[in-house]
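Undergrad: Mind looking over this structure? Questions follow.
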Amino acid sequence: MYKGNIKIDTKTMGGVFQTVTRSLFGGESIFFNTFTALEKSEVYLAPSLPGDIAYIPLNNDSYIVYDGAYLAHHGNVEISVKWRGLKGFIAGRQLVWLNFKGTGGVFINTFGAIKVVEVGNETIIIDNLHFVAMKESTEYSIEKFGSWKSFLFGGEGVVLKIYGPTKVFIQTRNLSTFSSYFVYKK
């Protein structure tokens, strides 16, 4: 929904290679809608899943965001993909994260609530399916959680080990676990 005098353009963003890569590996649309206010106006954002919307300001820096959390952006923002590695693929998500660089801001949404975790001079562990976003400069590793037996048969998976200081966005729920509840409860 929107109010006011708004011009809407639909176009691709970036070059052909970047657009196709972002679409194939990042799960995003090839096309972006650009809303330009021609007078004082408002645009309402409506994500496809119930959950929170958060805003990440970009001040000539860069954030990596999990592939399903992108909702919208404004300003001079470049969107590309960042390789997550084979462990990320095994963990039940795609091979890449989305990478946002520039000046402006990014709106993200999640399934469930968004929590911002301020990480001091410490290390924290986040379940891969609860990770949403962090600064690209954040030091992290993707690791197996638990023993090989629990990894392969017990539903435990891959975690992110985050090294502070930094700020990390997490979600309180994950769609994979929620949807599996209905699949197995026939």
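Just so you know, all these numbers are worked out from the coordinates, no wet-lab data involved. Note that the structure is a prediction, hence the values are computed from the model and not measured. Backbone-built Cβ (ideal geometry, glycine too); neighbour counts: all protein chains shown.
Undergrad: If the chain between Ala46 and Thr12 were fully stretched, how many nm would it gain, using 0.36 nm times the residue separation less the Cα-Cα distance?
TA: Values: separation 34, 0.36 × 34 = 12.24 nm, distance 2.08 nm.
Full extension from Ala46 to Thr12 adds 10.2 nm.
Undergrad: For Ile6, what is the net charge nearby, where nearby means another residue's Cβ is under 15 Å from its Cβ and Lys, Arg count +1, Asp, Glu -1?
TA: Details: positive: Lys3, Lys7, Lys40; negative: Asp9, Glu39, Glu42.
Net charge in that neighbourhood comes out at 0.
Undergrad: Distance between Cα centroids, the stretch 97-112 to the stretch 129-143: provide it in whole Å.
TA: 13 Å
Undergrad: Let me ask something additional. Return the long-range amide H neighbours of Lys167 (sequence gap of 5 or more, or a different chain), with a cut-off of under 5 Å between placed amide H atoms.
TA: Val119, Lys135
Undergrad: Which aspartates and glutamates, on any chain, are close to Lys7 with Cα under 18 Å apart, when same-chain ones fewer than 8 places away are left out?
TA: Cα-Cα hits under 18 Å: Glu39, Glu42.
Undergrad: Give me the number: length gained by fully extending Leu38 to Ser80, i.e. 0.36 nm times residue separation minus the C-alpha to C-alpha distance, one decimal in nm.
TA: On the way: separation 42, 0.36 × 42 = 15.12 nm, distance 2.88 nm.
Gain in length upon complete extension: 12.2 nm.
Undergrad: So, one more: Between beta-carbons, use under 11 Å as the cut-off and find the net charge around Ala113, counting Lys and Arg +1, Asp and Glu -1. Mind dumping the intermediate values first?
TA: Working: positive: Lys115, Arg173; negative: Asp52.
Neighbour charge sum, excluding Ala113 itself: +1.
Undergrad: How long is the gain from Glu139 to Ser176 if the chain were fully straight, where each residue apart is worth 0.36 nm and the alpha carbon distance is subtracted?
TA: Details: separation 37, 0.36 × 37 = 13.32 nm, distance 2.61 nm.
Residue separation times 0.36 nm, minus the Cα-Cα distance, leaves 10.7 nm.
Undergrad: Beta carbons within 10 angstrom, averaged per residue: use that to sort the peptides 130-137, 40-47, highest first. Display every interim value, and only then the final one.
TA: Numbers: 130-137: 20.0, 40-47: 11.2.
Highest-to-lowest ranking by the protection proxy: 130-137, 40-47.
Undergrad: Let me ask you something else. As a quick test, which of the pairs Lys40/Lys167; Lys101/Lys167; Lys3/Lys101 have an alpha carbon distance above 24 angstrom in this structure?
TA: Values: Lys40/Lys167 33 Å; Lys101/Lys167 16 Å; Lys3/Lys101 29 Å.
Exceeds cut-off: Lys40/Lys167; Lys3/Lys101.
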